[in-house]
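The structure under discussion appears below in the form of structure tokens.
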Amino acid sequence: MIELLAVWKGYGATQVLRDVNLLVKEGEFISIRGKSGAGKTTLLKIMGLLEEPDKGEIKLFGRTANGLSDDEKSELRLHKIGFVFQFFNLIPSLTVLENIELPLALAGINKHERRRRARELLEYFGLAGLAERFPETLSGGERQRIAIIRALANSPKIILADEPTSSIDDENSQLLMELLNEINRERKVTIILTTTDLYERLPTNRDFMLKEGRLIER
């Protein structure tokens, strides 16, 4: 699904990633741990084609992604990759249902079909009661779960989750991990998540540490 070959990335005098190599197979659930500022977000952005590496190669779905046009990258992100951000990124003026519909609208799905799909996702995960609520009325845990459901809207093959539990309490973190684990097992979505927690037990099947720019499997 994803292959990174000798990837380097720096900003000015700071070298963030150093010779990073990673092979992600279909259906894997991978965690990448590291302290704040270790480069985890940069690594996810490179995997999600939001940034280019300074050196090295990235392959997605067996295809070299270096040098793809902006339109080609956008198409891959829209249809193949779901993003979950640290601070939810829900649009406050839209209801929960409308937030989930948004990536479907961007993909050109008609209103009736995207509403059907959004309601189906909410019902599947037991959150149909939140459909007409606005993000500001939700708890942090509810917002993050809605953000994950939105990431599923276009049936992506990969979900990239950047510190998804950092803004919520322990109880909601547990619920969130259960949700991600269910998505991985039931929907066969490949998931890569980052965390600053170096010791938390996670339901992932591979666990990495990013330290001093280098990625090491634990």
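The values are calculated or read from the model by the stated rules, or taken from the named source; none is laboratory data. Given the structure is predicted, the values throughout are model-derived calculations rather than measurements. Methodologically, a virtual Cβ is constructed for each residue, glycine included, from the backbone with ideal geometry; neighbour enumeration extends over all protein chains shown.
The table that follows gives values for the structure above.
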{"quantity": "LEU179 within 15 Å of the chain's Cα centre (by Cα) and more than 28 Å from GLN15 (Cβ to Cβ)", "calculated": "yes"}
{"quantity": "Residue tally, condition within 18 Å of ALA13 (Cα to Cα) and in a strand (DSSP E or B), over segment 27-58", "calculated": "1"}
{"quantity": "Criterion: more than 30 Å from VAL20 (Cα to Cα), at pLDDT 90 or above, buried (at least 19 other Cβ atoms within 10 Å of the Cβ) and touching a helix residue (DSSP H, G or I) at 6+ places or on another chain (Cβ under 9 Å) - qualifying residue of ALA153, ALA131, ALA161, ALA147", "calculated": "ALA153"}
{"quantity": "Enumeration of residues in segment 107-120 that are surrounded by 15 or more Cβ atoms within 10 Å (Cβ to Cβ) and either more than 20 Å from the chain's Cα centre (by Cα) or more than 9 Å from ARG150 (Cα to Cα) (or both)", "calculated": "ILE109, ARG114, ARG115, ARG117, ARG119"}
{"quantity": "Any hit, segment 41-56, residues being surrounded by 13 or more Cβ atoms within 10 Å (Cβ to Cβ), under 18 Å from VAL7 (Cβ atoms), within 16 Å of the chain's Cα centre (by Cα) and among the polar types (S, T, N, Q)", "calculated": "yes"}
{"quantity": "When residues of segment 1-28 are limited to those that are over 16 Å from ASP54 (Cα atoms) and not charged (D, E, K, R), the one surrounded by the fewest Cβ atoms within 10 Å (Cβ to Cβ)", "calculated": "LEU23"}
{"quantity": "Selected residue [touching a residue at least 40 places away in the same chain (Cβ under 8 Å), of a type outside the set (Ser, Thr, Tyr) and closer than 23 Å to LEU202 by Cβ] from GLU26, GLU57, GLU51, GLU101", "calculated": "GLU26"}
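Conditions tested, residue by residue: (1) out of contact with any strand residue (DSSP E or B) (no Cβ under 9 Å at 6 or more places or on another chain); (2) touching a residue at least 12 places away in the same chain (Cβ under 8 Å).
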position	(1), (2)
GLY126	yes, no
THR137	yes, no
PRO164	no, yes
LEU175	yes, yes
ASN181	no, yes
ARG185	no, no
VAL189	no, yes
THR194	no, yes
ARG206	no, yes
